[in-house]
Amino acid sequence: MEEARAKRHYFLRTLILIGFTSLLAELIITDRLSHYLAPRLHMFSYVTLGILALLTLVSLRQAITGTNAYDCDCEDAHKLPRSLWRSVFGYGLFLLPLAMAFLLPDQLLGSDLAEKRGITLLSNDVKKLAEAAGKANTEADARKNASPPVQSEKPGNGNGSASAEQQPPMPSPTEKTAQSSGKQSAMTDEGLRQKFATGFGDFYADIAVSLYKQPVIRLDETVFLDGLTTMELYAKEFAGKELETLGFVYRQPDFTPQQFVVARFSVTCCTADANVFGILVENGQADRWAKDSWVKVRGRLELRQVDGYDMLVLKASKVEQVKAPKDPYVYYSYDPAGTNASKGDGL
Amino acid sequence: MVTKLRQFFVEILGAVLLGVAAVWLTTGGRGGEWSGWKVEWSPRWLDVKTLFLSILLEAIPFVLLGVFFSAFIQTFITEEQVRRWTPKHLLAALPFGALLGFLFPVCECAIIPVVRRLIQKGMPLHVGIAFLLAGPVVNPVVMSSTYIAFARQPDLAFHRAAAAFVVAMIAGLLAYGFVRKNPLRLGVESRLRHEAAHAEAVRGKLSATFSHAIDEFFDMGKYLLFGALVSAILQVYVSRETMVEIGQTPFASQLVMMGMAYLFSLCSEADAFIAASFGSTFQAKSILAFLVFGPMLDMKTTLMLLGTFRFGFVVKLVIAVTVLVIVVTGLWPL
């Protein structure tokens, strides 16, 4: 009887392990792992898949051959659940995520959660930081010291080839500008650099230069977070520039019908730590786009005064509905000193 | 009827599971879309699903790591060795425990099975507690991620480690002074019988390691699952603004940050990034409280602790750590 009971438990455990193994395998195969985890954790999942498969086999062997390795009275040590209700609760907990994963449709994080988290716009908190940075030069120095090791790996370090490598989706912005002999090319890299040398550290100055040189700033997923920070810091300089970006539509109750936010979730490890960042968009027909739908927005950045701070708003000339990208979230590059801290205004 | 049900419970559950799997396979994974069954799921509930699975997918590799480490200790390291390596003197043993995290950089989900096993193997409780509390903070991985998240105030990473070290040492000292009874849920006697039995029955140590890993996975897993579920629900239904509104005074903001650390149940590797996102809202001491308290205690680890230690002991531990973190971070020179 005891033996049969143990066998049944091992059988059920095997089924659950099969469930978890196939769930993980499915997420990996269908490329949906990035809906749940940041890329830097994917490696752990691959290893876990292997281990789970192995555990499934061991568990299956246990279920078939019985408790041969466990012919001891270690029942209390391994605690096979004793009562029916404990079993239902215990195994139910394991079945719940499997049922959710396999039966509920996938949903990208959207406005509902953004509302709970509070969204970070191109707004004033970073300005406060900027003021502090301006006053305390020591702090800026600290950041400068922290940046050099990562600079070379970062997009937009003023070196055309490197930035092209870093951001394949961008049609190598520097070359473009170099070819177009407009006003901007008259301004040398050094000249631009001067423009942005206002004590926020080389890191942002570099990004600012590389963004500024683009005829139309492409704020794609590789530079979304850093780019936003940079434009917050240099709001005045970026006013009037053309910008194109992609994100989901988010609205707050106090928005006018002409306004919405084009937003992205940032993810550090898993979506439990997701934060929302975005740009306020204004367009005459803004209410045509449903919340949480994905749009590509292009327009001109306009400077506003909000609570005594400069803030950039995107006057959209073109809004088009697009499909959500395969990897909907944007990430902190793991090692840039400075960026994450400056994004530190989640509310 | 009930006894019948009970007898065939596993079979019934298994059949349901297989049925669900079959349905899922035939519908190509688009559950809820087949004819007549189209269900409009509330978007909130789908968010819960996303967060819940996300926390699980993130935590399971680390729980498995801890489980394997614990199973490894169980099968390969003798009590003799554990006793010999642990310093005898209290003043050496406590820092030893608190700094052990530097050698074994495990996060908070992974550390509980490891500590349980070490205590079973004869590590004194106060050393185990110091390791349990400091381990997930005072380790190179967590320190570097904190350093990166707080590039604006890099010294916070060191304040975090130092404050956690102090809290863990005092908690260890309290455990040394006040805990007399073995706090593990399994008695020493049963443990000894268990091991004696294994020593005879185990055919190969490797296969024993795997069997133990499965047992511990299901043991720890249910607490992790429950904690992750509650955390996901809270994150979806409670807004951060509400919490910020509560935390207006310095003391209240400290409590609110600790409450959030507890409820969010973030991995100690990632929590610094969340803490950084509160940087402009809360003062440094509250942020420090969040960073120190979260890895030591949160929803999912409390449940995991309840699976390991006696209820009374966990309650005392939670109270002690909470008070210690409030006092230490409150007085911390920042």
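The values are calculated or read from the model by the stated rules, or taken from the named source; none is laboratory data. All figures in this text were calculated on a predicted structure; none of them were measured in a lab. Cβ placement follows ideal geometry from the backbone for every residue including glycine, while neighbour counts extend to all protein chains displayed.
If you go through region B:86-105 and pick out every residue that is surrounded by fewer than 24 Cβ atoms within 10 Å (Cβ to Cβ) and either under 19 Å from residue B:306 (Cβ atoms) or touching a helix residue (DSSP H, G or I) at 6+ places or on another chain (Cβ under 9 Å) (or both), you end up with 10. Filtered by the rule that a residue be part of a strand (DSSP E or B) and either touching an Asp or Glu at 6+ places or on another chain (Cβ under 7 Å) or farther than 16 Å from residue A:116 by Cα (or both), region A:252-266 gives A:259, A:260, A:262.
The rows are residues; the columns are (1) within 30 Å of the chain's Cα centre (by Cα); (2) among the hydroxyl-bearing types (Ser, Thr, Tyr); (3) at pLDDT 85 or above.
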{"residue": "A:4", "(1), (2), (3)": "no, no, no"}
{"residue": "A:12", "(1), (2), (3)": "no, no, yes"}
{"residue": "A:30", "(1), (2), (3)": "yes, yes, yes"}
{"residue": "A:53", "(1), (2), (3)": "yes, no, yes"}
{"residue": "A:59", "(1), (2), (3)": "no, yes, yes"}
{"residue": "A:84", "(1), (2), (3)": "no, no, no"}
{"residue": "A:104", "(1), (2), (3)": "yes, no, no"}
{"residue": "A:116", "(1), (2), (3)": "yes, no, no"}
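How many residues are among the hydroxyl-bearing types (Ser, Thr, Tyr) and without any contact (Cβ under 8 Å) to a residue 24 or more places away in the chain if we restrict to region A:1-32? Looking only at that region, the number is 2.
Whenever a residue of region B:105-130 is more than 14 Å from residue B:94 (Cα to Cα), its partners that are part of a loop (DSSP other than H, G, I, E, B) and β-branched (Val, Ile, Thr), lying with C-beta atoms within less than 7 angstrom and at least six residues away or across chains, give the pairs B:114/B:106; B:121/B:77. Out of B:315, B:325, report the one residue that is on the phi < 0 side of the Ramachandran plot, hydrophobic (A, V, I, L, M, F, W, C) and touching a helix residue (DSSP H, G or I) at 6+ places or on another chain (Cβ under 7 Å). After ruling out the rest, the residue left standing is B:325. Note on region A:216-241: among residues that are in contact with a Gly (Cβ under 9 Å, 6 or more places away or on another chain) and closer than 18 Å to residue A:196 by Cβ, the one that is surrounded by the fewest Cβ atoms within 10 Å (Cβ to Cβ) is A:217. Per this entry, residue A:267 is not counted among residues that are in contact with a Pro (Cβ under 7 Å, 6 or more places away or on another chain) and of a type in the set (Val, Ile, Thr). Whenever a residue of region B:51-68 is more than 7 Å from chain A (Cβ to nearest Cβ), its partners that are surrounded by 24 or more Cβ atoms within 10 Å (Cβ to Cβ) and of a type in the set (S, T, N, Q), lying with C-beta atoms within less than 9 angstrom and at least six residues away or across chains, give the pairs B:59/B:265.
Of the residues that make up region B:115-123, is at least one basic (Lys, Arg) and crowded, with 22+ Cβ neighbours inside 10 Å? Scanning region B:115-123, I find at least one residue that is basic (Lys, Arg) and crowded, with 22+ Cβ neighbours inside 10 Å, so the answer is yes. Within region B:166-213, restricting attention to residues that are in contact with a Phe, Trp or Tyr (Cβ under 9 Å, 6 or more places away or on another chain), of a type in the set (Val, Ile, Thr) and at pLDDT 85 or above, the residue that is nearest to residue B:319 (Cα to Cα) is B:167.
Each row is one residue, and each column tells you yes or no for (1) in a helix (DSSP H, G or I); (2) within 14 Å of chain A (Cβ to nearest Cβ); (3) under 14 Å from the mean Cα position of the chain (by Cα); (4) of a type outside the set (Asp, Glu).
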position	(1), (2), (3), (4)
B:258	yes, no, no, yes
B:267	no, yes, yes, yes
B:276	yes, yes, no, yes
B:295	yes, yes, yes, yes
B:304	yes, yes, yes, yes
B:314	yes, no, yes, yes
B:325	yes, no, no, yes
